[in-house]
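Please treat every number below as a calculation from the coordinates, not as lab data. Please read all numbers here as calculations on a predicted model, not as lab measurements. Virtual Cβ from ideal backbone geometry, glycine too; neighbours counted across all protein chains shown.
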Amino acid sequence: MSLTLSKEITELSRPSLSCFVEHPFGRTLGDAGDRNTHRAVVLEALHQATLPHPAGAIVDLGFRWRKDDLRERQLRDRHVI
């Protein structure tokens, strides 16, 4: 099983089961320090792993990034070494 941010790339690699979250790259589980979202994403992914899915399925976990902070993250991440 894998967590994915890009359905298109995942379709090419075809892991046995993928769980899609619509979050920005580098924030797969959610925003830094957001333990509630981190936990919710992991628990839902583990739950999906217990359910029957066809091989190569990509399950949308329903998590969406709501913040419009791309420029802020780019500037902050640019200075991290």
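Considering amide H positions built from the backbone, and no H for Pro or chain starts, which residues 5 or more places from residue 17, or on another chain, come under 5 Å of its amide H?
2, 56
Could you work out the local net charge near residue 40, counting Lys and Arg as +1, Asp and Glu as -1, over the other residues with Cβ closer than 13 Å to its Cβ? Please report the intermediate quantities before stating the final value.
Numbers: positive: 35, 39, 64; negative: 31, 34, 44.
Summing Lys and Arg as +1 and Asp and Glu as -1 gives 0.
Around residue 62, with a cut-off of 11 angstrom between Cβ atoms, what is the net charge of the other residues, counting Lys and Arg +1 and Asp and Glu -1?
Values: positive: 64; negative: 22, 44, 60.
Spelling it out: positives minus negatives among the neighbours equals -2.
List, in order, the whole-Hz ³J(HN,Hα) value for each residue of segment 51-58 obtained from phi through the Karplus relation with A = 6.51, B = -1.76, C = 1.60 and θ = phi - 60°; use x for Gly and Pro.
Residue by residue, segment 51-58 yields 9, x, 9, x, 4, x, 5, 10 Hz.
Please rank 58, 9, fewest neighbouring Cβ atoms within 10 Å first, as an exposure proxy.
Taking fewest neighbouring Cβ atoms as first place, the list is 9, 58.
Give me the three principal axis extents of segment 1-74 from the C-alpha atoms, as integers in angstrom, largest value leading.
Cα extents, longest axis first: 39, 26, 14 Å.
Using a 10 Å cut-off around each Cβ, can you sort 8, 22, 44 from fewest to most neighbouring Cβ atoms? Working shown, then result.
Details: 8 7, 22 13, 44 16.
Listing 8, 22, 44 from fewest to most nearby Cβ atoms yields 8, 22, 44.
Among 13, 2, 18, what is the fewest-to-most ranking by other Cβ atoms within 10 Å?
Taking fewest neighbouring Cβ atoms as first place, the list is 13, 2, 18.
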